[in-house]
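Presented below is the structure to which this report refers.
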Amino acid sequence: MLIIIDENTDNIRLDIYLSELYKDISRSKIQTSIKSGKVKVNNEIKKPSYLLKENDRIEFENLVENKIIKIEPENIPLEIVWEDENMAVVNKPSGMLTHPTPLETTNTLVNALLYKYGENLSDINGEFRRGIVHRLDRNTSGLLMIAKNNKTHEYLADMIKNHNLTKKYHAILKGNYPKDEDIINEPIGRHKTQPHKMAVTPDGKESITKLKVLERFNEATYVELTLVTGRTHQIRVHTSYKKHPVYNDTLYGAGTGKVKTDEQVLQSYYLKFAKPFSAEIIEIEIPPDEKLAKVLSYYRNRRA
């Protein structure tokens, strides 16, 4: 199995990273596998404490005994918002993993993409991430760019790295956000004691989120968020740091609101980018998804 580390999953210990992938295997067993050479980073045996870096290539034998991991195509409905011969933009529903993990290999976006496009997907990031250039959290819905070949994957990855696209989100925040407009410029890194989380930390990477209030309610705020950078969980971490976490985001302190949804009410609703290998500008916007509309309706009806 091959995994390539991106900028949002670096600076984490090798053994902890694999422990997150294989939650049913003890960390001590994973450490033993690393020390015995079953895990290699850039074709070298590393210590379990090795801190992963961007573009590191982790190659390892399957750590789950007697289980062969194969990602199968699945006939899962896909909403293709836009596509050409090189790429597609899909509207990922809330509740769907972007790509498989060793413990969840079905019902992901990649399974659906393999059924629709077969081999016509980039494989730069390995079989588990065929076509995937960037990702959305399981319970965040909205627009994702998919690369149909490696040349396009490199083009899109470079565009993201150099901030040459516009990504906007809609969210409901807990409480009444104090400013009509705000720029949250706080560095984000791995949480020191909970590696499955991110946090504002002095040694983190530069992270910038622009926030604009769209509508206010007594107990919540409807906002538009524009990502200047694209760190893991960036919006969720920044809004939590400001004491106004995304509605129903239990991981980052929001608790469960009066309107029940499957975790955070957050949607990637807008993309603007240059079509690969062309001067044409593509601009895509989608309406609020079901859970965003549900929460908005609840608060608007209470105010009426």
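The values are calculated or read from the model by the stated rules, or taken from the named source; none is laboratory data. The shown structure was predicted, so the numbers you read here are calculated from the model rather than taken from an experiment. Because the Cβ atoms are built from the backbone with ideal geometry, glycine has one as well, and the counts that use them run over all protein chains shown. Heavy atoms of the whole protein, side chains included, go into the accessibility calculation; ligands, DNA and RNA do not. Shrake-Rupley method; radii C 1.70, N 1.55, O 1.52, S 1.80 Å.
Simple point charges give the picture: +1 on the Cβ of Lys and Arg, -1 on the Cβ of Asp and Glu, and for the range 169-304 a dipole about the Cα centre of about 460 debye.
Farthest toward the dipole's positive end in the chain, which of 185, 101, 111, given Cβ charges of +1 (Lys, Arg) and -1 (Asp, Glu) about the Cα centre? It is 185, whose Cα lies furthest towards the positive end.
With all protein chains kept in place, the per residue accessible area of the chain amounts to 48 square angstrom at a probe of 1.4 angstrom. Surface composition of the range 17-168: carbon plus sulfur atoms contribute 45% of the solvent-accessible area (1.4 Å probe, protein chains only, all chains present).
Quotient of the Cα radius of gyration of the chain and 2.2 N^0.38 Å, N being its number of residues: 1.02. Computed extension length for residue 201-residue 75: 41.2 nm, one decimal, from 0.36 nm per residue of separation with the Cα-Cα distance subtracted. Rg and Dmax of the range 65-174, based on Cα coordinates, read 14.1, 46 Å.
Each of residue 43 and residue 216 was given a label point 7 Å from its Cα along the Cα-to-Cβ line. The distance between the two points is 6.1 nm. Go from 0 up to the bin containing the longest alpha carbon distance in the range 1-55, width 10 Å each, and give me the % of pairs per bin. Using 10 Å bins, I get a P(r) of 25, 61, 14 for the range 1-55. Here the accessible area of the range 171-246 is 48 percent carbon and sulfur, with a 1.4 angstrom probe and all protein chains present.
The share of Cα pairs per 10 Å bin across the range 159-236, counted from zero up to the longest distance, runs 18, 43, 33, 6 percent.
Would you mind checking the pairs 40/210; 167/243; 40/168; 23/70 and listing those with alpha carbons more than 30 angstrom apart?
Values: 40/210 40 Å; 167/243 23 Å; 40/168 38 Å; 23/70 18 Å.
Checking Cα-Cα distances, 40/210; 40/168 exceed 30 Å.
Full extension of the chain between residue 183 and residue 104 yields a length gain of 24.8 nm, computed as 0.36 nm times the residue separation minus the alpha carbon distance.
Consider all pairwise Cα distances in the range 152-304 and report the whole-number % of them above 26 Å. Let's see the in-between values first.
Details: 3494 of 11628 pairs.
So the pairs more than 26 Å apart make up 30 percent of the total in the range 152-304.
For the chain, adding -39500 (n - 2.57) for each run of n ≥ 4 DSSP H residues and dividing by the number of residues yields -6000 deg cm²/dmol at 222 nm.
Can you pull out the trypsin sites (Lys or Arg not before Pro) in the range 171-223 that DSSP calls coil and that have at most 12 other Cβ atoms within 10 Å? Before the final figure, lay out each step's value.
Working: sites: 174, 179, 190, 192, 197, 205, 210, 212, 216; in loops: 179, 192, 197.
Sites meeting the loop and neighbour criteria: 179, 192.
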